[in-house]
Amino acid sequence: MPEVFHTFYHSPVGLLKISGTEEYISEVLFHDTSQKAEGNKKHLPHLLINCVEQLIQYFNGQRRQFELPLNQAGTRFQQEVWNELVQIPFGKTISYLELARRIGDTKATRAVANANGKNNISIIVPCHRVIGSNRELVGYAGGLRRKKWLLDHEAKIAYGVQTLF
């Protein structure tokens, strides 16, 4: 089993814990600041450094799409949902119903929402771009305040819009 490394990035939306191996990124999670934030003291793979650099570019408005190998454990259905999430263009949103439609089952809205919530690669696998059918902000593991910030940030970069909601 490959060794997993961890590092941290102080982003505009809070501390992010980034985990991965020499070959792939497996997690980008909001880190509770009450927990101890310790990364690997020894060698940090270039891939994790590259991930932090791409996140910095994203937050600076210089990157709209990430170019990183990703690997997170999940069911076939979850993988299908996560693969569809990366197809949502920067600055755009879709509803959970639309996401269910894109995977071929409009009756699977709750299952899609559940899979969306189990995504462990925040921002890079843009689960924040999925909103309620009524255009309301709903369900985000990082909190609705962060979801709104990310959507506003992308709208501002993509369209010069100050706020989305």
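The values are calculated or read from the model by the stated rules, or taken from the named source; none is laboratory data. Everything quoted here is computed from the prediction, not taken from an experiment. Cβ: placed from backbone, ideal geometry, glycine included. Neighbour counts: every protein chain shown.
For segment 110-150, what are the residues that are β-branched (Val, Ile, Thr) and closer than 24 Å to Gln65 by Cβ? Quick ask: steps written out before the conclusion?
Applying the first criterion (β-branched (Val, Ile, Thr)) to segment 110-150 yields 112, 121, 123-125, 130-131, 138.
Answer for segment 110-150, where residues must be β-branched (Val, Ile, Thr) and closer than 24 Å to Gln65 by Cβ: Val112, Ile121, Ile123, Ile124, Val125, Val130, Ile131.
Please state which of the following conditions Glu23 fails to meet, knowing it meets all the rest: (1) touching a residue at least 12 places away in the same chain (Cβ under 8 Å); (2) in a helix (DSSP H, G or I); (3) more than 16 Å from Val125 (Cβ to Cβ).
The failed condition is (2).
Checking the conditions here, which among Ala108, Ala100, Ala113, Ala158 is small (Gly, Ala, Ser) and modelled with pLDDT of 95 or more?
On the way: Ala108 fails: modelled with pLDDT of 95 or more; Ala113 fails: modelled with pLDDT of 95 or more; Ala158 fails: modelled with pLDDT of 95 or more.
Just a single option satisfies the conditions, and that option is Ala100.
So which of Val81, Val28, Val52 is buried (at least 19 other Cβ atoms within 10 Å of the Cβ), in contact with a Ser or Thr (Cβ under 8 Å, 6 or more places away or on another chain) and in contact (Cβ under 8 Å) with a residue 24 or more places away in the chain? Quick ask: steps written out before the conclusion?
On the way: Val81 fails: in contact with a Ser or Thr (Cβ under 8 Å, 6 or more places away or on another chain); Val52 fails: buried (at least 19 other Cβ atoms within 10 Å of the Cβ).
Sole residue among the options that is buried (at least 19 other Cβ atoms within 10 Å of the Cβ), in contact with a Ser or Thr (Cβ under 8 Å, 6 or more places away or on another chain) and in contact (Cβ under 8 Å) with a residue 24 or more places away in the chain: Val28.
Taking the options Leu68, Leu97, Leu150, Leu48, name whichever one is assigned by TED's automatic domain parsing to the domain that holds Ile25 and among the hydrophobic types (A, V, I, L, M, F, W, C).
Numbers: Leu68 fails: assigned by TED's automatic domain parsing to the domain that holds Ile25; Leu97 fails: assigned by TED's automatic domain parsing to the domain that holds Ile25; Leu150 fails: assigned by TED's automatic domain parsing to the domain that holds Ile25.
Every option except Leu48 fails the conditions.
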